[in-house]
Amino acid sequence: DSQQYLVTVGLGTPAVPQTLLLTTESDLSWVQCKPCNSSNCYPQKLPLFDPSRSSTYTAIPCDSQECRDLAAGIGGNGCTSNWECGFYIHYGSGANTTGVYSSDALTLGPGAVVENFHFGCGHDQEGPFGNEGKYDGVLALGRLPESLVGQTLAEHGGAFSLCLPPTRDSTGFLAFGAPENTSDFVFTPLLTMDDQPWFYQLMLTGISVGGQQLDIPAAVFREGMILASSTTITALQDTAYAALRTAFRSAMEEYPLAPPTAQLDTCYNLTGYDNVTVPTVSMTFRGGATVDLDASSGLLLDGCLAFWNTDGDEYTGVIGSLNQRTIEVLYDLPGSRVGFRTGAC
């Protein structure tokens, strides 16, 4: 019920399973590691990763180029008492993790092993982590060299695609490398934020509801939108959200409204309705790429429209994971573009 997306990978030699949160908003992957007591690590279902049991594990030394590169970015934390490279990550939720910058084998699937994968061995985690033990760490797919994407650049060319499944009983996919045939995709340019270059940013240009384009001035979207796989709800600029809410409520007027839930203020009581007709909501991006959100799984969360506002038009928006359900999102870094293929999983 966390609405988050997980993958299970193998770490170390022999490979031991680790269930990791999938995120395109971070660059340094990490797992909870032994030694770590209950006050420093949150409870998890799988055993803590034990570096001493892996024949391929190494702690990255302080005087290495890898440590200097990490220190020059956003995850460096100096040296440990053992002269090992330290890392520190602080998240917007208030959670943070710290430990030893490390290297080991990462097994993504049969025959798919990333040798010398760099990650954080977390020895102290604080804040809202784990969602009651549902994951053991984070698999980071951001744009910087420390991410899994950056570390497999030579093998996969800096391209990967992600399809988030609609329900917890269904399965999506994470694929590395660009597909041979992209004729079913629509593409939009990939932008870069000067102050946060690790994010995947797009320029939204319009929204339509039920086939009708909303009257939203282009300037409203000037700060762009961040594609996010570990943030559930989409945050739109104020003016855009107000227009979407009005049009969506009009299209859903036959269904009774329910009280707001947290930030979500357009909620419906759908009890007793065998079939609910949800209007098509489409997003159009720079270059004309138009994406229809999945009506059955990509619009409503617990009966509420899964959008909220950013408290102003001057803020960068976020395209949450719920809107991306069933859509294959192709991240093509060499081509500086992002593609969308609907109905993919």
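Filter the range 223-237 down to residues that are open to solvent by 20 Å² or more (accessible area, probe 1.4 Å) and either without any contact (Cβ under 8 Å) to a residue 60 or more places away in the chain or under 23 Å from Pro279 (Cα atoms) (or both) and give me whichever is nearest to the chain's Cα centre (by Cα).
Only one residue fits best here, namely Thr232.
List every residue pair whose Cβ atoms sit under 6 Å apart, with the two residues 6 or more apart in sequence or on different chains, where the first one lies in the range 194-209 and is in contact (Cβ under 8 Å) with a residue 60 or more places away in the chain and within 30 Å of Met252 (Cβ to Cβ) and the second, anywhere, is among the charged types (D, E, K, R) and outside any strand (DSSP E or B).
What qualifies is Met203/Arg286; Thr205/Arg286.
Could you identify the single residue in Tyr5, Tyr42 that is under 15 Å from Gly172 (Cβ atoms), in contact (Cβ under 8 Å) with a residue 60 or more places away in the chain and aromatic (Phe, Trp, Tyr)?
It is Tyr5.
Can you tell me which of Gly133, Gly150, Gly109, Gly127 is farther than 24 Å from Phe87 by Cα, modelled with pLDDT under 95 and either touching a Cys at 6+ places or on another chain (Cβ under 6 Å) or not basic (Lys, Arg) (or both)?
Gly109
Restricting to the range 169-181, name every residue that is touching a residue at least 24 places away in the same chain (Cβ under 8 Å), exposed (fewer than 15 other Cβ atoms within 10 Å of the Cβ) and assigned to a loop (DSSP other than H, G, I, E, B).
Of everything in the range 169-181, those that are touching a residue at least 24 places away in the same chain (Cβ under 8 Å), exposed (fewer than 15 other Cβ atoms within 10 Å of the Cβ) and assigned to a loop (DSSP other than H, G, I, E, B) turn out to be Ser170, Thr171.
Which one of Cys67, Cys85, Cys62, Cys121 is over 23 Å from the mean Cα position of the chain (by Cα) and closer than 25 Å to Ser38 by Cα?
Going through Cys67, Cys85, Cys62, Cys121 in turn, the sole match is Cys85.
Can you spot a residue in the range 238-251 that is in a loop (DSSP other than H, G, I, E, B), open to solvent by less than 60 Å² (accessible area, probe 1.4 Å) and either in contact (Cβ under 8 Å) with a residue 60 or more places away in the chain or not acidic (Asp, Glu) (or both)?
no
Just the residues that are open to solvent by 30 Å² or more (accessible area, probe 1.4 Å) and either closer than 21 Å to Ala140 by Cβ or in a strand (DSSP E or B) (or both), please, taken from the range 302-345.
Result: Trp308, Asn309, Thr316, Val318, Leu333, Pro334, Ser336, Arg337, Arg341.
Output the residues belonging to the range 274-292 that are over 26 Å from Ser336 (Cα atoms) and open to solvent by 90 Å² or more (accessible area, probe 1.4 Å).
Result: Asp274, Asn275, Thr277.
The values are calculated or read from the model by the stated rules, or taken from the named source; none is laboratory data. Since the model is a prediction, treat every value here as computed from it, not as a measurement. Positions of Cβ are generated from backbone atoms using ideal geometry, with glycine treated the same way; all protein chains shown enter the neighbour counts. Each accessible area value is taken on the protein alone, full model and side chains, heavy atoms only, with ligands, DNA and RNA left out. Shrake-Rupley method; radii C 1.70, N 1.55, O 1.52, S 1.80 Å.
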